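The values are calculated or read from the model by the stated rules, or taken from the named source; none is laboratory data. A quick note: this is a predicted structure, and the numbers were derived from the prediction, not measured. Note that each Cβ is placed from the backbone with ideal geometry, even for glycine, and that neighbours are counted across all protein chains shown.
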Amino acid sequence: MSDPLQKVMEERCRQDEKWGVQNHGDMVWATILGEGQVVRYYRHPKMDGQHSCEKCGNIMHLHGWIETLEGGHIVCPGDWIITGVEGERYPCKPGIFEQTYEPVSDRSAQSGNS
């Protein structure tokens with residue numbers, strides 16, 4: 001077995017030990033193993049991931065989890081991640097984001113103007 005494939009299999013075993021046996025397909029495992037440092041893959045020991053989210057209706061396998069100053073929050077597909085003035089991060093629903101923030105042109109963003 002190649003080294004990267006061995007590492008994937010070891011991580012899958014570690015996840016099974018932590019959360020119980022998870023018979024995920026390859027795409028779900030790619031999401032779990034490719035999670036970021038800010039938003040992690042959503043997992044819960046009493047939920048199989050096929051449950052629908054109360055906020056957006058998507059299955060929970062498509063969601064993330066973020067730690068905020070107020071505690072952990074679910075991140076729904078399409079949510080924006082906002083960085084506050086003290087570096088804290090939190091999810092923001094698309095509708096609220098659009099009502100609160102104005103688009104910046106690529107030219108302004110590249111020159112540092114807002």
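Table: residues versus (1) at pLDDT below 90; (2) over 19 Å from Y42 (Cα atoms); (3) not aromatic (F, W, Y).
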site: C56; (1), (2), (3): no, no, yes
site: G64; (1), (2), (3): yes, no, yes
site: L69; (1), (2), (3): yes, no, yes
site: E88; (1), (2), (3): yes, yes, yes
site: S108; (1), (2), (3): yes, yes, yes
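Quick grid of which residues meet (1) crowded, with 16+ Cβ neighbours inside 10 Å; (2) modelled with pLDDT of 75 or more:
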position: C13; (1), (2): no, yes
position: G25; (1), (2): no, no
position: G36; (1), (2): no, no
position: D79; (1), (2): yes, yes
Of the residues in segment 1-10 that are part of a helix (DSSP H, G or I) and at pLDDT below 75, the one that is nearest to Y42 (Cα to Cα) is V8
